[in-house]
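Asks: Here it is, the structure, as structure tokens.
The values are calculated or read from the model by the stated rules, or taken from the named source; none is laboratory data. Since the structure is predicted, the reported quantities are computational estimates derived from the model, not experimental observations. Here the Cβ positions follow ideal geometry from the backbone for every residue, glycine too, while neighbour counts run over all protein chains shown. SASA here: full protein model, heavy atoms, side chains in, ligands and nucleic acids out. Shrake-Rupley method; radii C 1.70, N 1.55, O 1.52, S 1.80 Å.
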Amino acid sequence: MACSWDFQFRVLLLGDSGVGKTSLLRRYTEEQFTEATGPTVGVDFCSRIEEPEAGVKVRLQFWDTAGQERYRAVTRSYYRNAACVILLFDLTAHKTFESVQNWYQEVTERAQPYPLLFLLLGTKSDMRGQRSVPREEAQSLADSLRAPYLETSARTGSNVSAALSLLCRELLRAARQEKQAADLYSYGGCTAGEDVPQKKILCTC
Ligand code: GDP
Ligand code: MG
């Protein structure tokens, strides 16, 4: 069976419950926004194929985690295989911003053999009047985490595609640069055979 993508990356979404992880993914993968998504239990999966360059198909496979402490044990078992982590906080709830560092540590304490990419997102940018995290404060945290920072709205769709496209390009660049690229690609039950072109190693079909 022929592969329908050239690269596949697992992307983990982390942030307090209610920051809008599920809504962001729904907007990105289904172009929809619903008021009540209901809490995510454990981990949900969804994916979308991007074409950051003509002829290069990248499948982003998302793991939408539950923010609740009681599900952390489930979530943790997935950290190991992620290529990238999107850290989210709600621009209208400063407490969720304060948690970002904890989420970051959660992941980095369970370090992988290869560097992880991070992206910091401030969500619900449509709720302008209720903003409680200044852009400068968020940008300064992003700089300290060496992560790009963007403000998104799943409700209006603002910056959602831009954020994920940026992530996709960064992942592709990192994968090409990384000496241990083969490690980065070696999940998904595929074994890299001598005759398998490197860029197809990730193929799980
Ligand atoms: P999760 O727990 O992080 O997955 O958060 P959800 O995606 O379930 O969203 C929690 C609540 O915030 C829901 O009521 C959403 O409708 C709302 N929400 C999520 N994203 C946005 C957004 O961009 N703008 C606004 N105004 N509300 C949002
Ligand atoms: Mg959720």
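Asks: Please state which of the following conditions Leu121 fails to meet, knowing it meets all the rest: (1) assigned to a helix (DSSP H, G or I); (2) out of contact with any Lys or Arg (no Cβ under 9 Å at 6 or more places or on another chain); (3) open to solvent by less than 20 Å² (accessible area, probe 1.4 Å); (4) within 21 Å of Phe33 (Cα to Cα).
Replies: The number of the failed condition is (1).
Asks: Output the residues belonging to region 60-99 that are in a helix (DSSP H, G or I) and either at pLDDT below 95 or within 16 Å of ligand 2 (Cβ to nearest atom) (or both).
Replies: Glu69, Arg70, Tyr71, Arg72, Ala73, Val74, Thr75, Arg76, Ser77, Tyr78, Tyr79, Thr96 - these are the residues of region 60-99 that are in a helix (DSSP H, G or I) and either at pLDDT below 95 or within 16 Å of ligand 2 (Cβ to nearest atom) (or both).
Asks: Which of the residues that make up region 1-20 are near ligand 2 (Cβ under 9 Å from one of its atoms), under 16 Å from the mean Cα position of the chain (by Cα), open to solvent by 10 Å² or more (accessible area, probe 1.4 Å) and of a type outside the set (S, T, N, Q)?
Replies: Listed by number, the list holds a single entry, Gly20.
Asks: If you don't mind, another one. Here is a list of conditions, (1) outside any helix (DSSP H, G or I); (2) modelled with pLDDT of 50 or more; (3) open to solvent by 70 Å² or more (accessible area, probe 1.4 Å), and Gly157 meets all of them except one; can you say which number that is?
Replies: For Gly157, the exception is condition (3).
Asks: Within region 5-49, restricting attention to residues that are at pLDDT 90 or above and of a type in the set (Lys, Arg), which residue is farthest from ligand 1 (Cβ to nearest atom)?
Replies: My answer is Arg48.
Asks: State which residue pairs qualify: first residue of a type in the set (Ser, Thr, Tyr) and inside region 9-30, second residue near ligand 2 (Cβ under 8 Å from one of its atoms) in any location, beta carbons under 6 Å apart, and separation of 6 or more residues or different chains.
Replies: Hits for this filter: Ser17/Gly67; Thr22/Thr37; Thr22/Thr40; Thr22/Asp64; Ser23/Thr37.
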